[in-house]
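As structure tokens, the structure follows; a few thoughts come after it.
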Amino acid sequence: MGMAPFTEADFVLSQDKRNEITDGLTPAQKKMVEHWMDLHEVLNRGDWDGMDAFFNTDTMTYDNPNRPDLGTYFVWKTSPKGLWDTFPPSIYRTVKAWGRGDDEVCVLCHHHGKHTGGPYMGVQPTGNELNVLWFSWLKFRDGKIDHIYSISDVLTMLKDLEVIKVPQPVDPYK
């Protein structure tokens, strides 16, 4: 799936778009994905205190092989704030969703911003766009997020932000 053309307005999901994303899910799964999309609205306006209501802040854990340093909720919470400061407008949207049972969903998401706010991995702001697709597996407990496992397209992100040069093969098997 390539990145379809978009505008920042696409990050404000209408109820029709939310219904399209949650189509086919059970009522419990739809509620979890709606919770996640509501969280994105809070993040998109930089409400760092408001985001706490979406999580079991005392037990929530976060796993991502690219960010092993972000294990607990309050440590992980620093990441969206850092992204907000470095890549304004730093906005998020859910693109697709799948469910399993009454306490698990998987979401495909898109994060957009522009490298204008400050250095990132030693690179001064370039104005380059940040467009990262990622999957998160979300586990809920008592109606709140209790675990997130995320995997994202970090290679493309680091290339786009000019942190690393990535050779682009025509046929990598020749």
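The values are calculated or read from the model by the stated rules, or taken from the named source; none is laboratory data. Keep in mind that this is a model prediction, so the values were computed, not measured. Glycine also receives a Cβ, built like all others from the backbone with ideal geometry; neighbour counts cover every protein chain displayed.
Given the options Lys81, Lys17, Lys31, name the one that is under 22 Å from Ala4 (Cβ atoms) and among the basic types (Lys, Arg).
Numbers: Lys81 fails: under 22 Å from Ala4 (Cβ atoms); Lys31 fails: under 22 Å from Ala4 (Cβ atoms).
Every option except Lys17 fails the conditions.
Only a single item in (1) surrounded by 20 or more Cβ atoms within 10 Å (Cβ to Cβ); (2) farther than 22 Å from Met37 by Cβ; (3) β-branched (Val, Ile, Thr) is not met by Thr94, and it is number (2). Please find, among Met60, Met121, Met157, the residue that is exposed (fewer than 13 other Cβ atoms within 10 Å of the Cβ) and either of a type outside the set (Gly, Ala, Ser) or within 23 Å of Lys31 (Cβ to Cβ) (or both). So the residue among Met60, Met121, Met157 that is exposed (fewer than 13 other Cβ atoms within 10 Å of the Cβ) and either of a type outside the set (Gly, Ala, Ser) or within 23 Å of Lys31 (Cβ to Cβ) (or both) is Met121. Considering every residue within the range 6-28, establish whether at least one is under 14 Å from the mean Cα position of the chain (by Cα) and among the acidic types (Asp, Glu). Within the range 6-28, none of the residues are under 14 Å from the mean Cα position of the chain (by Cα) and among the acidic types (Asp, Glu). Look at the range 16-29: where a residue is farther than 16 Å from Asp103 by Cα and a partner is assigned to a loop (DSSP other than H, G, I, E, B) and at pLDDT 95 or above, sitting 6+ places away or on another chain with Cβ atoms under 8 Å, you get Ile21/Leu13.
Under the condition of being part of a loop (DSSP other than H, G, I, E, B) and touching a helix residue (DSSP H, G or I) at 6+ places or on another chain (Cβ under 8 Å), which residue from the range 126-162 is nearest to Lys114 (Cα to Cα)? Can you show your working first?
From the range 126-162, those part of a loop (DSSP other than H, G, I, E, B) are 126-128, 142-143, 153, 161-162; that's our starting set.
Filter once more, keeping what is touching a helix residue (DSSP H, G or I) at 6+ places or on another chain (Cβ under 8 Å): 128, 143.
Numbers: Asn128: 6, Gly143: 33 Å.
By that ranking, first place goes to Asn128.
Answer with yes or no whether Leu83 is surrounded by 18 or more Cβ atoms within 10 Å (Cβ to Cβ) and either within 19 Å of the chain's Cα centre (by Cα) or not in a loop (DSSP other than H, G, I, E, B) (or both).
Working: surrounded by 18 or more Cβ atoms within 10 Å (Cβ to Cβ): yes; either within 19 Å of the chain's Cα centre (by Cα) or not in a loop (DSSP other than H, G, I, E, B) (or both): yes.
Spelling it out, Leu83 is indeed surrounded by 18 or more Cβ atoms within 10 Å (Cβ to Cβ) and either within 19 Å of the chain's Cα centre (by Cα) or not in a loop (DSSP other than H, G, I, E, B) (or both).
Of all residues being acidic (Asp, Glu) and outside any strand (DSSP E or B) in the range 101-125, which is farthest from the chain's Cα centre (by Cα)? Just the residue, please. Don't jump to the end; show me each part of the working.
Filtering the range 101-125 for residues acidic (Asp, Glu) gives 102-104.
In the following step, the residues that additionally are outside any strand (DSSP E or B) were identified as 102-103.
Values: Asp102: 22, Asp103: 19 Å.
Ranking the candidates gives Asp102 first.
Considering each of Leu43, Leu39, Leu13 in turn, give the residue that is modelled with pLDDT of 95 or more and not in a helix (DSSP H, G or I). Explain how you work it out, then say what you get.
On the way: Leu43 fails: not in a helix (DSSP H, G or I); Leu39 fails: not in a helix (DSSP H, G or I).
Going through Leu43, Leu39, Leu13 in turn, just one is modelled with pLDDT of 95 or more and not in a helix (DSSP H, G or I): Leu13.
Among the residues of the range 23-52, those that are more than 19 Å from Tyr149 (Cα to Cα) and hydrophobic (A, V, I, L, M, F, W, C) comprise Leu25, Ala28, Val42, Trp48. Here is the figure for the range 126-147: residues that are of a type in the set (A, V, I, L, M), within 12 Å of the chain's Cα centre (by Cα) and closer than 19 Å to Leu25 by Cα total 1.
If the condition is being touching a residue at least 12 places away in the same chain (Cβ under 8 Å), among the hydrophobic types (A, V, I, L, M, F, W, C) and part of a loop (DSSP other than H, G, I, E, B), then the range 54-80 contributes only Met60.
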